[in-house]
Amino acid sequence: MLIATPLLIPLLGMLLSLALWRRPTAQRYTALFTTAAGLAASLALLGQTLRGGVQTLQVGNWPAPFGITLAVDLFGAIMLSVSGLVGLCVAVFAVQAMDRARVSGGFYMLFHALLLGVNGAFSTGDIFNLYVWFEVMLMASFVLLALGGERAQLEGSIKYVILNFMASALFLTATGLLYGLTGTLNLADLALRLPQVEARGLVTALAMMYLIAFGIKAAVFPLFFWLPASYHTPPVVVTALFSGLLTKVGVYAMIRLFTLVFTGEAAFINTLLLVVAGLTMVVGVLGAAAQWDLRRLLSFHIISQIGYLVMGLGLASQGGLAGAIYFMVHVVMAKTALFFVAGILDRIQGGFDLKQLGGVFKARPWIAALFAVPALALAGLPPFSGFFAKLMLVKAGFEGGQFGVVAVSLAVSLLTLYSMSKVWQEAFWKPAPADSPLPLQRVSAWLWAPALLLAAGGLAMGLLAGPLVDLSNLAAAQLLDRAAYITAVLGGVR
Amino acid sequence: MNVLLALVVGVLFAGGLYMMMRRSLVKVLVGMLLLSNAVNLTIFTVGRLVPARPPLIGLEARQVLPGSADPLPQALILTAIVISFGMTAFAVTLIRKTYQKIGTDDLDSLRCTDLPCPDEPDWRDPGEEAH
């Protein structure tokens, strides 16, 4: 039953927020407990998956492949734990950072709904169910993005809604056609039946439809334009939540589908993925280089980092997938921490414009350190998490003989370092501009504690890289061992 | 019947995508509606269209009539309809709210996400300028 708890706890959180609709303060503190419980449940599930292999639950006791299946393997459990961690950190940050009007407007209900959708996508073993969880997540994100109704938010939401609607329509069409082709929706059953389909051309076309649908959600080149148009518009709490979870669900779905279901077209898809990965990295980091608004700059870095994840998938070896999994955990922590620091800077100096920020290193050295750790991790410097993540990917790239994408990934690391040093230079080192005096107000612990937790997590991931790399390798090996997943889901049926 | 539905789906997809690429937000909304119906009809067609062969198992029989329609896609469509209904309702609200705030439904004037945001609506009717 443990497998369902990452879904039930956010659902409970939603209901509690609705019950406490007229008590915003109570909602804030309830969210702390529900997200902490969610993290604990996900970690417990991770432990159980480590001991007992793929965990499954046939909902309503309908045997697979006829009923709805929940199936969590090690990769899924790691993603659930990451989403639990992000959930908890965002809930802590939101206590101070989320304004009362938006809380009264239902922020916490939507926040839990988003976590529910994300966790559902990570734990389902059924492709139509995956679509439904995607929609749950998307609906919550639509409203979160528009909540508050500022002009930029509304405009960003329109772009976000329209492009994500396209992705959903493609996803649904592909799922319908896939069902017509194979007569099943269960991922494990699909993995068995798809190789027997005669019309290979149609299978490749379906794989491409899924690639585009998930590519839009994951914001890969050339489908990422909705992201820099919308992510910087809502309050920074919402952006931190989105940057930690939303695009990662797209990448998760890609990894799940292309390692489990669409394996017959590997050569073609993998080359395409590597090209897309390289272009995503380059375009993202170059876009970031041109930005002077901290939130926009960080949003472009989300895109650039997605490229590394796709690269790990495109390498299609155990090393590459292990690198992608380790990278995923690293990048979620680093990016969320960076957005938190951006929020703190906004609190201190009232803005995100790098030209008007400055002097924070002198006035608040601790905040500067909180920025430096995830920023260096993102750039991939030792001994932080990003170094080992990139090392794993580069090593897998060399083993696979993909020197082009390896070269690109290293060059992009340098550019990331450039971009981070620009922020450091402008926001922290430069003396404060005359027109924006640094108001000497305290930064509440509710704000810095989650950023500290994530930064320390990134540092720990670097210092304790050994066991965590082993864990990623184990998860990658489990991803490649399709037979074990299929047996765990279909079990006694055949 | 299959050919007819394939044509309908094709026209709906083409019309929907065309409308989604228009500049006016209301036309984009119409495009979204057409597109979601196109998707639903695609799934409907996938479930095999045969007359007079309900997917029911008779009292004496042990399985459905051979070649009968598959009922599952229709259940999938029901889910999809509910989801697209919610999406459309949200999109209508969003577009209305945006129109109230900005005073235009022209997608090209939604530049606020890229440029500094003016306090007042900065949109003028092109016809007005001509006078």
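The values are calculated or read from the model by the stated rules, or taken from the named source; none is laboratory data. Model, not experiment: these values are computed from the prediction. In this analysis, Cβ positions are derived from the backbone assuming ideal geometry, glycine residues included, and neighbour counts consider all displayed protein chains. What goes into the accessible areas is simple: the full protein's heavy atoms, side chains included, and nothing from ligands, DNA or RNA. Shrake-Rupley method; radii C 1.70, N 1.55, O 1.52, S 1.80 Å.
Miscellaneous remarks
- Here B:Phe44 clears all of (1) under 30 Å from B:Arg96 (Cα atoms); (2) within 12 Å of another protein chain (Cβ to nearest Cβ); (3) surrounded by 14 or more Cβ atoms within 10 Å (Cβ to Cβ) except the condition numbered (1).
- Candidate set from the stretch B:62-74 (those that are more than 8 Å from every other protein chain (Cβ to nearest Cβ) and open to solvent by 50 Å² or more (accessible area, probe 1.4 Å)); member that is nearest to the chain's Cα centre (by Cα): B:Gln74
- Considering residues of the stretch A:150-174 that are open to solvent by 10 Å² or more (accessible area, probe 1.4 Å) and of a type in the set (D, E, K, R) only, the residue nearest to the other protein chains (Cβ to nearest Cβ): A:Arg151
- The stretch A:1-107 holds helices (runs of 4 or more DSSP H) entirely within its bounds, and those carrying 1 or more residues that are touching a Ser or Thr at 6+ places or on another chain (Cβ under 8 Å) and modelled with pLDDT under 95 map to A:5-19, A:24-52, A:74-97.
Here is a yes/no grid of residues against (1) open to solvent by 20 Å² or more (accessible area, probe 1.4 Å); (2) at pLDDT below 90:
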site	(1), (2)
A:Leu454	no, no
A:Gly466	yes, yes
A:Val469	yes, no
A:Ser472	no, no
A:Ala475	no, no
A:Arg482	yes, yes
A:Leu490	no, yes
A:Arg494	yes, yes
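- In the stretch B:70-81, the residues that are more than 12 Å from A:Thr175 (Cβ to Cβ) reach residues that are assigned to a loop (DSSP other than H, G, I, E, B) and open to solvent by 70 Å² or more (accessible area, probe 1.4 Å) with C-beta atoms within less than 6 angstrom, at least six apart or across chains, in these pairs: B:Asp70/B:Arg48.
- Boolean, A:Val59 is of a type in the set (Val, Ile, Thr), under 22 Å from the mean Cα position of the chain (by Cα) and open to solvent by 10 Å² or more (accessible area, probe 1.4 Å): no
- Scope the stretch A:119-135; condition closer than 19 Å to B:Thr88 by Cβ and at the interface with chain B (Cβ under 9 Å from one of its Cβ atoms); matching residues: A:Tyr131, A:Val132, A:Glu135
- In a residue-by-residue description of the stretch B:77-96, the property of being closer than 15 Å to A:Met166 by Cβ and surrounded by fewer than 12 Cβ atoms within 10 Å (Cβ to Cβ) applies to no position.
- Residue match in the stretch B:11-19 (condition: surrounded by 15 or more Cβ atoms within 10 Å (Cβ to Cβ), within 11 Å of chain A (Cβ to nearest Cβ) and either over 30 Å from A:Leu202 (Cβ atoms) or touching a residue at least 40 places away in the same chain (Cβ under 8 Å) (or both)): no
- Filtering the stretch A:293-331 to residues that are more than 27 Å from A:Asp353 (Cβ to Cβ) and open to solvent by 10 Å² or more (accessible area, probe 1.4 Å) leaves A:Leu315, A:Ala316, A:Ser317, A:Gln318, A:Gly319, A:Val329.
- Qualifying residue in the stretch A:111-134 (condition: farther than 30 Å from B:Ala75 by Cβ and assigned to a helix (DSSP H, G or I)): yes
- Exclusive hit being open to solvent by less than 10 Å² (accessible area, probe 1.4 Å) and more than 14 Å from chain B (Cβ to nearest Cβ), set A:Leu192, A:Leu241, A:Leu178: A:Leu241
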